[in-house]
Amino acid sequence: MLSFIIPTLNEEKTIENTLKSINSFVGDKEIIISDGKSRDKTIEIAKKYTDKIIVHDGLTRQNIAQGRNAGARESIGEYIIFIDADVIIPDINGFIKKAEGYFKSDKNLVAITAGCVVLKDVANIWDIIIFKILAWYFSFLNYIGFGAAGGEFQMIKRDAFLKVKGFDEDIAVSEDMDLFWRLAKIGKTKLPLGFNVYHTGRRAHKIGWPRLLWQWISNTITVFFFKRSDGEWKEIR
């Protein structure tokens, strides 16, 4: 049983393609939308593909760590899979079969992540170069036992996720890296090179790669040393 958890906030432009991609998986699964109180048609679209929809009811804005944890609390799968709302996995059956193979071949493996490829019709040369470098870098960090991951795709054993108490909800940015740092302390984490998901690259295209890279680096540093984010992601749709 796999639990696919997708945090959403005003994702009407991308969520249907993401859900179609996941829904084509033929194995035992559940799809959980954890919505941060969308004001567009996100929930209306999601209802076509799943009846497991959680809507944030707090007075303050829900950060992504809170949204992912809320979805995880409603899940029942042996593996919890977190996917961003603008991610597509074209051959999801082959992709998941390969992912399950990594876990079966190494009993100490507790979590895997994936490299990122920007969708062909919107990708530019910097997308290709930077995400290839990041994939190699993250793969190396996981290999040496440090733990590293982006939020686009994370597949985690349920017992390991619960053991580290999920995402740190006090961290608004780089919560994905923080989770893998902690997972790497109780087992192995992995990013297999060539194991990729596809996404829009919308944040880099909107604010530019120099600014995005600085935000990634500064948040990673502050989270690692001070357990807090250096700001919060602004909504880009």
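FYI, it's all coordinate maths here, none of it is from the lab. Here the structure is a predicted model, which is why all the values come from computation and not from measurement. Backbone-built Cβ (ideal geometry, glycine too); neighbour counts: all protein chains shown.
Over 27 Å apart: what share of the alpha carbon pairs of the chain falls there, rounded to a whole percent? Working shown, then result.
Numbers: 7892 of 27966 pairs.
Above the 27 Å cut-off, the chain has 28 percent of its Cα pairs.
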For the chain, list the DSSP H helices whose alpha carbon atoms reach 20 Å or more along the long axis and whose average Kyte-Doolittle value is 1.0 or above?
125-143
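What order do you get for ILE129, ILE89, ILE54, ILE32 when you list them from fewest to most C-beta neighbours inside 10 Å? Walk me through the intermediate numbers first.
Values: ILE129 11, ILE89 22, ILE54 18, ILE32 26.
Arranged by neighbour count, lowest to highest, ILE129, ILE89, ILE54, ILE32 become ILE129, ILE54, ILE89, ILE32.
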Under the 7 Å Cα-to-Cβ spin-label approximation, LYS227 and ARG61 lie apart by a distance in nanometres of 2.5
What is the antiparallel percent of DSSP beta bridges lying wholly in segment 2-201, to the nearest 5?
30
Expressed in angstrom and rounded, the centroid-to-centroid distance over alpha carbons for segment 37-60 and segment 77-97 is 20
Among ASP121, ASP84, ASP176, the residue with the largest mean-square fluctuation in a Gaussian network model of the chain built from Cα contacts under 10 Å is ASP121
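So between LEU213 and LYS120, what do we pick up on full extension, going 0.36 nm a residue minus the alpha carbon distance?
Details: separation 93, 0.36 × 93 = 33.48 nm, distance 2.13 nm.
Net length gain for the segment: 31.4 nm.
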